[in-house]
């Protein structure tokens with residue numbers, strides 16, 4: 001047999017084999033629903049090259065779904081969760097050089113001639129059986145303190161917003177990698193036939209300050225198949241762009257159009273074997289089903305007055321953080337795997353006391369209500385709720401320190417978050433910072449450790465949820481990170 005004949009036979013074999021695999025993939029995508037997979041038999045095995053179906057859990061999960069409440073801009077740990085009464089006696093004194101030099105400074109304060117210690121203006125009190133100290137700005141969170149775990153020792157090497165948010169969401173400071181929600185969708189699929197696995201909502205904080213950009217890549221699928229990217233719900237008009245049919249086009253006609261387009265796409269998939277074509281077929285089908293499911297989801301008239309009262313006065317205003325918390329509960333009720341709420345306005349370089357009051361008023365009651373509501377409905381045990389931002393704020397004042405006013409710069413050395421439900425140990429205060437809330441003194445938790453722990457609660461070994469791209473196996477936790485077992489119930 002000549003070399004040309006050998007090549008022709010190889011091409012024929014690969015072509016015919018590819019067509020068969022393509023048909024299987026397309027059939028899987030067009031199935032009526034996704035079912036979460038089972039334990040992968042081969043440790044460290046690479047996912048399907050098409051990435052069309054869920055990989056499945058590696059062990060029994062504690063959580064089936066996630067709601068991430070992301071405070072974009074970096075909430076001040078010193079003014080909310082990390083009580084440092086000893087700083088009151090050092091008000092206005094210079095932060096020791098030995099302490100300050102342990103952390104990188106941003107370009108906004110590196111040229112300051114003075115770094116005055118700035119204790120919080122807000123009163124802290126202890127709450128619940130856990131005795132956790134919380135700021136007076138969080139009275140509703142104080143009411144659920146025995147249902148949450150507070151982590152005071154989170155740390156990140158990023159000190160500017162975009163790389164810090166990107167690191168927390170994707171496991172890397174540079175853009176281009178999949179977000180946590182996309183990894184969750186890829187690994188676990190969706191329990192909903194009519195809604196995406198990953199949904200995103202954004203609310204604007206009450207603090208009147210320029211909003212740092214939130215790029216769509218933060219909920220993007222990166223190099224994963226595009227059906228795993230987050231779907232953003234809008235607060236006005238159609239919740240999803242182009243959800244409604246144009247005037248004169250009824251559902252039956254739209255169905256006929258989609259069937260015809262799907263047939264063309266199947267033919268193209270059979271020729272090319274490109275998994276993105278199969279993904280496109282599935283996305284069209286999901287979009288058609290969402291034309292019915294999304295209006296029902298966003299119709300809050302079925303909620304009781306007691307529910308609206310629990311979430312607070314803003315709960316009936318579309319696009320508010322409170323309304324988005326209520327929608328998040330409705331989404332997880334309907335099987336959505338990962339819900340991400342971004343709340344903007346926490347970048348308080350100046351006027352922190354007044355702005356922080358406004359921001360906490362936006363989120364404190366709705367976030368606590370969400371935890372209570374999930375618990376009331378029997379969903380909290382299987383829903384993981386996360387509250388936090390991309391980093392914390394400095395102990396020293398940015399700019400002039402005034403008796404009743406100050407600002408704080410970015411600080412990655414230590415910051416605080418809280419977690420609830422989904423296998424988290426309630427009533428726990430984990431980690432400790434030094435006397436200045438500059439460095440972690442006990443039980444550091446890196447961003448990769450946090451993500452490894454969250455995946456573990458979802459039943460996923462973070463070292464085994466990988467995707468091969470450009471010759472390398474990638475994962476959410478990059479190349480390190482460990483599960484913080486002390487946080488597990």
*Across the stretch 157-171, which residue is surrounded by the fewest Cβ atoms within 10 Å (Cβ to Cβ) among those that are touching a strand residue (DSSP E or B) at 6+ places or on another chain (Cβ under 9 Å) and in a helix (DSSP H, G or I)?*
161
*Among the residues of the stretch 251-259, is any part of a helix (DSSP H, G or I), surrounded by 15 or more Cβ atoms within 10 Å (Cβ to Cβ) and either under 23 Å from the mean Cα position of the chain (by Cα) or free of Cβ contacts under 8 Å to residues at least 24 places away in the same chain (or both)?*
no
*Hey, could you check the stretch 136-164 for residues that are without any contact (Cβ under 8 Å) to a residue 60 or more places away in the chain and over 17 Å from the mean Cα position of the chain (by Cα) and say which is farthest from residue 450 (Cα to Cα)?*
136
*Among strands (runs of 3 or more DSSP E) lying entirely in the stretch 412-489, which contain 3 or more residues that are in contact with a helix residue (DSSP H, G or I) (Cβ under 6 Å, 6 or more places away or on another chain)?*
415-420
_Flag if residue 117 is buried (at least 21 other Cβ atoms within 10 Å of the Cβ), touching a residue at least 24 places away in the same chain (Cβ under 8 Å) and under 25 Å from residue 354 (Cα atoms)_ = yes
*Working only within the stretch 378-400, note down all residues that are out of contact with any helix residue (DSSP H, G or I) (no Cβ under 7 Å at 6 or more places or on another chain), at pLDDT 95 or above and closer than 19 Å to residue 87 by Cα.*
394, 396, 397, 398
*Mind telling me which of the residues 130, 185 ends up being in contact with a strand residue (DSSP E or B) (Cβ under 9 Å, 6 or more places away or on another chain), under 26 Å from residue 383 (Cα atoms) and assigned to a loop (DSSP other than H, G, I, E, B)?*
130
_Filter pass, residue 95 being out of contact with any helix residue (DSSP H, G or I) (no Cβ under 8 Å at 6 or more places or on another chain) and buried (at least 16 other Cβ atoms within 10 Å of the Cβ)_ = yes
*For the stretch 83-114, name all the residues that are in contact (Cβ under 8 Å) with a residue 60 or more places away in the chain and closer than 19 Å to residue 391 by Cβ.*
84, 95, 99, 100, 102, 103, 104, 105, 106, 108, 109, 112
*Within the stretch 389-405, count every residue that is surrounded by fewer than 24 Cβ atoms within 10 Å (Cβ to Cβ) and touching a residue at least 40 places away in the same chain (Cβ under 8 Å).*
5
_Criterion: crowded, with 19+ Cβ neighbours inside 10 Å and on the phi < 0 side of the Ramachandran plot - qualifying residue of 177, 126_ = 177
*Looking only at the stretch 356-386, which residues are buried (at least 23 other Cβ atoms within 10 Å of the Cβ) and within 13 Å of residue 76 (Cα to Cα)?*
356, 359, 360
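The values are calculated or read from the model by the stated rules, or taken from the named source; none is laboratory data. All of these numbers come straight from a predicted model, not from anything done at the bench. Cβ sites come from the backbone with ideal geometry, for glycine too, and all protein chains shown count toward neighbours.
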